[in-house]
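The structure under discussion appears below in the form of structure tokens.
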Ligand code: C2E
Ligand code: CA
Ligand code: CA
């Protein structure tokens with residue numbers, strides 16, 4: 001199995017390159033005659049590898065080409081050096097080779113620097129400041145060790161300048177690397193390989209500088225290993241598919257300082273001084289100058305940095321407060337009509353019932369709404385709903401409350417409602433308010449609605465029971481079809497048995513093979529490539545046809561069969577995705593959904609581990625989505641989430657922003673991805689919606705969370721998402737959920753081409 005795994009990996013270009021590089025390094029030390037050829041060969045091969053990767057993955061950043069050219073120049077330098085050394089039978093310095101070396105290094109610095117990305121126009125540029133701080137600290141340390149001795153040793157200005165330029169370019173590289181690593185956002189494998197390569201390069205360069213001071217270096221020295229390794233790592237980085245997605249430019253600036261950064265800043269401020277002083281007494285003016293200048297620069301950079309982060313954490317707290325306030329308001333209101341939403345009215349009902357006062361609940365459903373929508377389009381439908389909402393509101397008295405439950409369903413809670421008659425009176429007032437037609441674009445629409453009424457006086461019904469009774473009564477009114485109201489009666493309960501029928505049909509549906517996952521693609525917003533797929537359950541009911549999850553997941557949740565369904569979906573989907581990864585030879589993440597209850601059940605962890613094992617799907621290819629309501633009960637969910645994380649699985653909050661949206665949870669729970677509810681995405685074209693999404697994305701970025709925008713129904717929002725730094729997107733306009741076979745047919749096209757949006 002291990003061998004098969006290795007064989008499989010070797011077909012991936014980057015891995016094959018890495019292995020070939022290691023073999024070449026072994027040969028370099030084993031066969032001295034080949035040394036010159038191998039040395040230049042590895043360097044040129046890594047340069048070519050980058051160009052190949054750049055073409056193959058259609059990378060847009062030219063910075064990679066700068067690195068490739070830099071590597072090539074460096075290798076030409078090596079070739080030139082060998083020729084010069086052979087001709088003159090000495091090891092001259094400086095020589096023409098140094099021209100190639102320096103030009104190569106400068107190009108590499110520029111390339112890596114560009115790839116590190118641009119940190120936007122924030123108040124200050126923390127990553128840049130940190131980079132400068134670390135580089136200055138490096139210079140501080142390098143002064144007594146390298147810079148000073150070199151400058152003391154050289155005789156003519158040209159060779160002095162050239163000798164000094166190596167460590168100085170290296171210091172710039174230290175800064176660039178720091179900046180790269182401190183850049184917010186996930187590091188891809190390509191970026192890690194590149195950083196590792198550049199890091200190794202840096203270390204050997206400095207060791208070389210010290211060695212050449214004491215004439216301790218000769219070709220074939222063990223430290224040549226470092227350069228060869230650096231070439232190999234950088235070449236492999238260029239061949240990894242993630243090389244095309246190395247950079248995310250975004251306008252947001254970092255608002256929190258990670259612990260790692262604080263340590264880095266602290267170390268940069270303190271360590272150099274110790275090194276400088278420990279190295280020995282200061283002897284000449286240059287020492288004092290270097291010490292004084294270095295201290296001042298470090299002092300200034302350090303204080304600007306700390307003041308800046310103090311300022312931005314205050315900004316963050318204030319922004320978070322106002323964002324939370326806005327989210328809380330949103331969590332209680334229906335976005336379309338401004339009425340309360342389901343959440344809010346259910347809470348209201350529960351508190352009324354708890355107080356023991358008589359209360360009535362009404363469910364109202366428009367009878368012909370679908371026709372308005374179909375004939376005149378969504379905007380007209382929305383305007384119609386807003387008008388209906390306004391009419392209901394106009395006849396509801398304080399402290400009664402009205403909510404839109406979703407679609408064309410409304411609910412009214414009548415508090416302190418003395419008897420059924422009083423409840424019916426409210427319904428009549430609503431019908432009166434509906435008497436006049438709604439006029440839209442010159443058309444007249446009649447408002448016809450069915451209302452179900454439940455009156456509860458002093459009974460000890462729960463809110464759920466009252467809701468289900470109102471639902472049943474409303475359906476009874478609807479069945480009559482005359483646009484009138486119905487009061488709940490016990491007999492109606494029986495027709496609710498339909499649901500019970502569905503429930504019993506659902507038993508054994510898994511065993512009969514009626515449940516299958518469908519697949520919806522998820523695209524990277526920046527590179528516009530397919531990066532993930534969400535598995536969504538479908539129930540192929542023998543009589544009713546395809547049943548959507550919104551209709552059976554709640555039932556399965558109640559009956560407890562949801563865990564079985566989810567396991568099946570995961571098992572089947574994981575098998576497909578493992579195959580698809582092999583087909584396209586690139587990573588692909590599988591998103592699956594679990595219910596809040598499963599998120600609190602330790603057995604879920606074992607089931608997921610077993611499914612991954614069976615499908616041979618790496619754990620980091622799986623994203624488990626939990627709706628944010630699950631996270632309300634943190635104590636139950638946290639241990640299960642922690643175990644899932646320990647497996648290596650990624651975690652995502654689903655439907656973020658649809659209800660509670662507790663911002664602080666984002667930082668507290670071990671979450672990797674936030675899926676932004678489609679109501680947030682749909683609202684982005686209004687100024688208010690834009691600000692809200694921007695705020696959430698900014699916060700997610702500062703917490704280093706990836707974000708997936710859901711429900712992208714128009715490609716017009718893609719540029720906005722890109723600008724706001726959203727990671728990925730999913731929605732009907734990009735690809736609908738579809739059966740595995742359809743998905744597979746489109747897979748090759750998706751994996752080759754970028755999205756046009
Ligand atoms: P979800 O996890 O938020 O899944 C996304 C839903 O949005 C899917 O509905 C998908 O078809 C729909 N959708 C995708 N793009 C768009 C768009 O552009 N516009 C609109 N209006 N809708 C879009 P679906 O497949 O009906 O699933 C509904 C919900 O049922 C899911 O919401 C999820 O909460 C639940 N669910 C689905 N499959 C499973 C499952 O296997 N297990 C569990 N526990 N829950 C599932
Ligand atoms: Ca989901
Ligand atoms: Ca969702």
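Taken together, the values in this text are just the output of simple stated rules run on the coordinates, not laboratory data. The structure displayed is predicted, hence computed values, not measured ones. So basically every Cβ, Gly included, is an ideal-geometry build from the backbone, and we count neighbours across all protein chains shown.
For residue 215 and residue 503 in one chain, what is 0.36 nm times their gap in residues minus the Cα-Cα distance, to one decimal in nm?
95.3 nm
Using a/c under 1.5 as the rounded threshold, could you call the range 1-158 rounded, prolate or oblate? The axes a ≥ b ≥ c are square roots of the C-alpha gyration tensor eigenvalues, and prolate needs a/b larger than b/c, oblate otherwise. Mind showing how you got there, number by number?
Numbers: a/c = 1.93, a/b = 1.08, b/c = 1.78.
Because a/c hits 1.5 or more and a/b fails to exceed b/c, the range 1-158 counts as oblate.
What distance in nm separates the two pseudo spin-label positions at residue 665 and residue 12, each 7 Å out from Cα along the beta-carbon direction?
Modelled inter-label distance: 3.4 nm.
Write down the percent of antiparallel bridges among all DSSP beta bridges whose residues are both part of the chain, to the nearest 5. Spell out each step's value before the answer.
Working: 39 of 66 bridges.
If we restrict to bridges inside the chain, about 60 percent are antiparallel.
Helix 549-559 sits at what angle to the longest principal axis of the chain, using alpha carbons and giving 0 to 90 degrees rounded to 10?
80
So, R0 is 35 Å and r is the distance between the beta-carbons of residue 274 and residue 313; what FRET efficiency does that work out to, to 0.05? Walk me through the numbers before you get to the answer.
Working: r = 29 Å, r/R0 = 0.83.
The pair residue 274/residue 313 has a calculated efficiency of 0.75.
Ranked from highest to lowest mean number of other Cβ atoms within 10 Å per residue, what is the order of the peptides 745-752, 152-159? Present the calculation step by step, with values, prior to reporting the outcome.
Numbers: 745-752: 14.0, 152-159: 11.2.
Highest-to-lowest ranking by the protection proxy: 745-752, 152-159.
For the chain, report the translational diffusion coefficient in µm²/s to the nearest whole number, using Stokes-Einstein at 10 °C, 1.306 mPa s, and a Kirkwood Rh over Cα pairs. Please list the in-between numbers first.
Numbers: Rh = 30.4 Å.
It diffuses with D of about 52 µm²/s by this estimate.
Most exposed first by the Cβ proxy, i.e. fewest other Cβ within 10 Å, how do 337, 462, 635, 359 rank? Mind showing how you got there, number by number?
Numbers: 337 21, 462 12, 635 7, 359 26.
Ascending number of Cβ neighbours within 10 Å: 635, 462, 337, 359.
In degrees between 0 and 90, to the nearest 10, how far off the longest principal axis of the chain does helix 259-278 point, with axes built from Cα atoms?
Between the helix axis and the principal axis of the chain, the angle is about 20 degrees.
Multiply the residue separation of residue 91 and residue 459 by 0.36 nm, subtract the distance between their alpha-carbon atoms, and state the gained length in nm to one decimal. The partial results should precede the final answer.
Details: separation 368, 0.36 × 368 = 132.48 nm, distance 9.92 nm.
Length gained, residue 91 through residue 459: 122.6 nm.
Using R₀ = 22 Å, calculate the FRET efficiency as 1/(1 + (r/R₀)^6) where r is the Cβ-Cβ separation of residue 606 and residue 642; round to 0.05.
Working: r = 15 Å, r/R0 = 0.66.
Using R0 = 22 Å, I get an efficiency of 0.90.
Restricting to DSSP H runs of at least four residues, report the calculated mean residue ellipticity at 222 nm for the chain, -39500 (n - 2.57) per run over all residues, nearest 500 deg cm²/dmol.
Values: 27 runs with 448 residues, N = 757.
Helix-only estimate at 222 nm: -20000 deg cm²/dmol.
What do you get for the angle between helix 740-752 and the principal long axis of the chain? Use alpha-carbon atoms, 0 to 90 degrees, nearest ten.
30
Using the per-residue mean of other Cβ atoms lying within 10 Å as a proxy for protection, in what order, highest first, do the peptides 717-729, 227-239 fall?
Highest to lowest by the protection proxy: 227-239, 717-729.
Give me 595, 664 ranked fewest to most by other Cβ atoms within 10 Å of their Cβ, as a rough exposure proxy.
On the way: 595 21, 664 9.
Lowest count first: 664, 595.
What FRET efficiency would be calculated for the residue pair residue 19, residue 192, taking the C-beta separation as r and a Förster radius of 25 Å, to the nearest 0.05? Walk me through the intermediate numbers first.
Values: r = 17 Å, r/R0 = 0.69.
Approximately 0.90, to the nearest 0.05.
In what sequence do 214, 707, 527, 754 fall when counting other Cβ within 10 Å, fewest first?
Details: 214 8, 707 24, 527 21, 754 15.
Sorted ascending by nearby Cβ count, the order is 214, 754, 527, 707.
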